[in-house]
1. In debye, nearest 20, what is the charge dipole magnitude of the chain about its Cα centre with +1 on Lys and Arg Cβ and -1 on Asp and Glu Cβ, if you could check?
2. About the Cα centre of the range 1-75, how large is the charge dipole given +1 on each Lys and Arg Cβ and -1 on each Asp and Glu Cβ? Please answer in debye to the nearest 20.
3. For the range 224-308, what % of the accessible area comes from carbon and sulfur atoms, probe 1.4 Å?
4. Which residue, GLN113, GLN48, GLN92, has the most motion in a Gaussian network model of the chain that connects Cα atoms within less than 10 Å?
5. For LYS7, go through the lysines and keep the ones whose alpha-carbon is under 19 Å away, minus same-chain ones fewer than eight residues off.
6. Counting only protein heavy atoms and using a 1.4 Å probe, what share of the accessible area of the range 1-109 belongs to carbon plus sulfur, as a whole percent?
7. Do you know the relative contact order of the chain, to the nearest whole percent, from alpha carbon pairs under 8 angstrom that are 6+ apart?
8. Considering the dipole of the chain built from charges on the beta carbon (Lys and Arg +1, Asp and Glu -1) around the Cα centre, which of ILE8, LEU220, ALA206 is farthest to its positive end?
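The values are calculated or read from the model by the stated rules, or taken from the named source; none is laboratory data. Remember, it's a predicted structure, so these values are computed and weren't measured experimentally. Please note: Cβ atoms are built from the backbone with ideal geometry, for glycine as well, and neighbour counts cover all protein chains shown. Quick note on the areas: whole protein, heavy atoms, side chains included, nothing else; ligands and nucleic acids left out. Shrake-Rupley method; radii C 1.70, N 1.55, O 1.52, S 1.80 Å.
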Amino acid sequence: MAQQQTKIVVLGGINMDLVTYSPRFPQPGETVVGSSFITYAGGKGANQAVAVARMGADSKMVGRVGGDMFGPQLLEGMTAAGVDVSGVGTNQEVSSGIAVIGVDDTAQNCITQVLGANDTCGPAEAQAVKNALSGASFLLLQLEVSIQLSLEVARAAKAQGVEVMLDPGPVRPVPDESFALCDVITPNETEAQALVGFPVTDEESAAQAASQLLERGVGLVVVKLGAQGAYYANSEERGMVRPFDIEAVDSVAAGDAFNGALAVSLAEGAALERAVTFASAAGALAVTQSGAQDSMPRRAQVEALVRDQRP
Ligand code: RIB
């Protein structure tokens with residue numbers, strides 16, 4: 001009998017990223033001369049949808065682009081990557097989501113974001129998600145569309161037995177009721193600190209943050225610690241996945257590659273530690289390339305890195 005294809009639904013932000021590369025970030029009031037500027041397709045939701053497609057799963061994107069020249073480009077890019085964009089609408093009245101991103105010589109990034117069309121997602125997108133949930137394993141959410149909309153579709157997903165994974169970025173208020181709706185939450189250090197109220201900088205503080213989030217009702221917590229690796233905990237097991245050894249170029253969207261790969265791996269039934277290792281390899285490979293959607297690795301590359309460094 002033919003194996004059923006893994007299906008993942010993503011509701012979230014679709015952005016055009018305007019990116020400068022400079023030796024370091026400017027201080028307030030300072031101008032730093034950069035080395036290059038590029039424009040690439042991004043947005044946490046769209047990046048995750050592309051990551052899912054590159055892992056070989058069916059990827060369905062729901063969201064909105066704006067009435068500017070970026071809208072059609074963003075739709076074409078996702079389609080070319082194998083993402084089903086039939087759930088993506090256009091709001092002619094506003095700009096597409098925009099992220100102005102600085103990348104420094106250490107491959108760190110800082111982002112100023114204008115939500116634009118993403119912030120106008122509402123009942124039409126709620127319905128599009130609900131229509132898409134049948135047969136899906138996961139619904140992936142982030143915080144680039146309204147949290148009320150995300151809560152509504154998370155409830156619908158839970159009611160149908162579809163698991164909910166929340167990437168709580170960018171940092172925005174998250175209502176308490178959200179946590180019990182999250183089968184998986186995947187904060188980075190900054191996002192984890194915003195959720196728990198103390199600095200999350202290493203394995204020990206990540207473990208404390210994970211415990212607090214589990215108590216609030218989350219099923220599985222995975223704290224993305226960047227170059228230190230990833231800490232995971234659910235009610236039965238905990239552990240740390242060491243980072244992969246790679247040459248860092250641009251960390252933008254590494255977390256999105258991580259989430260797409262984690263969802264696919266968990267949906268395929270991988271053991272938890274193996275799934276977090278697979279996701280960490282995907283995130284690491286994204287850091288070796290410039291770009292957001294363009295830097296999402298292919299499955300064969302992820303499998304090869306895991307084979308090479310975690311035989
Ligand atoms: O997670 C990376 C993404 O965050 C970028 O592509 C940018 O669009 C911002 O949304």
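1. Values: 19 positive and 35 negative charges, 127 e Å.
I would put it at about 600 debye.
2. Numbers: 6 positive and 4 negative charges, 53 e Å.
For the range 1-75, the charge dipole is close to 260 debye.
3. Details: 1490 of 3410 Å².
Of all accessible area on the range 224-308, carbon and sulfur atoms account for 44 percent.
4. Taking springs between Cα atoms under 10 Å, the residue moving most is GLN92.
5. Answer for LYS7, where 19 Å is the Cα cut-off: LYS44, LYS60, LYS130, LYS158, listed by chain and number.
6. On the way: 2610 of 4950 Å².
Carbon and sulfur together cover 53 percent of it.
7. Numbers: 743 pairs, mean separation 54.7, N = 311.
Taking the mean separation of contacting Cα pairs over the length of the chain, I get 18 percent.
8. The residue sitting farthest along the positive end of the dipole is ILE8.
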